[in-house]
Amino acid sequence: MALVNRGVVVLDCAEPEKLAEFYKELLEGEQSYASANLVEVRGSDGIRMAFRRDVNATPPSWPRPENSLQVHLDFLVEDLDEAERRVVELGGRPLETMGASGPYEQRGYADPAGHSFTLRLLPATAPKQG
């Protein structure tokens, strides 16, 4: 069984619903998840992108250094403790390990070069009825 089940590119923005609609159309995909602060789309080729509400988000200023953060990575896992052990074994370090509010438990880490990413629990899915 794979340790990481799926990777999701997450863009922080003030209006995730609007940005998700743009990418859903661009990727000829569908909305695959939505909550009050996160909308995920799956493109026709399987690419997954999510858009997280950040009311203080400002457009990236790249290549200028101010406000240059543009994306972060989320990796969905079935077991946060097991995944954390593996991250640390590989040279990563925890940035935050407190449970976050909302539908997913998640934890923040830095890779060996200092880039941040998030491990979050794979959402439980119920079998289709009928």
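Structure data summary
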read-out: Considering residues of the range 104-123 that are in a loop (DSSP other than H, G, I, E, B), surrounded by 13 or more Cβ atoms within 10 Å (Cβ to Cβ) and not charged (D, E, K, R) only, the residue modelled with the highest pLDDT; value: 122
read-out: Strands (runs of 3 or more DSSP E) within the range 1-61 that include 1 or more residues under 23 Å from residue 79 (Cα atoms) and small (Gly, Ala, Ser); value: 4-13, 30-34, 48-53
read-out: Selection from the range 59-103 of residues that are among the acidic types (Asp, Glu) and either modelled with pLDDT under 70 or on the phi > 0 side of the Ramachandran plot (or both); value: 96
read-out: Within the range 35-58, tally of residues that are closer than 13 Å to residue 19 by Cα and open to solvent by 40 Å² or more (accessible area, probe 1.4 Å); value: 4
read-out: The range 1-30 - residue that is open to solvent by 70 Å² or more (accessible area, probe 1.4 Å) and either of a type in the set (Phe, Trp, Tyr) or touching a helix residue (DSSP H, G or I) at 6+ places or on another chain (Cβ under 7 Å) (or both) and, of those, modelled with the lowest pLDDT; value: 22
read-out: Failed criterion for residue 55 (all others in (1) under 15 Å from the mean Cα position of the chain (by Cα); (2) at pLDDT 85 or above hold); value: (1)
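The values are calculated or read from the model by the stated rules, or taken from the named source; none is laboratory data. None of the values given here were measured: they were computed from a predicted structure. Quick reminder, even Gly has a Cβ in these numbers, built from the backbone with ideal geometry, and neighbours come from all protein chains shown. Remember, those area values only see protein heavy atoms, side chains included, never the ligands or the DNA or RNA. Shrake-Rupley method; radii C 1.70, N 1.55, O 1.52, S 1.80 Å.
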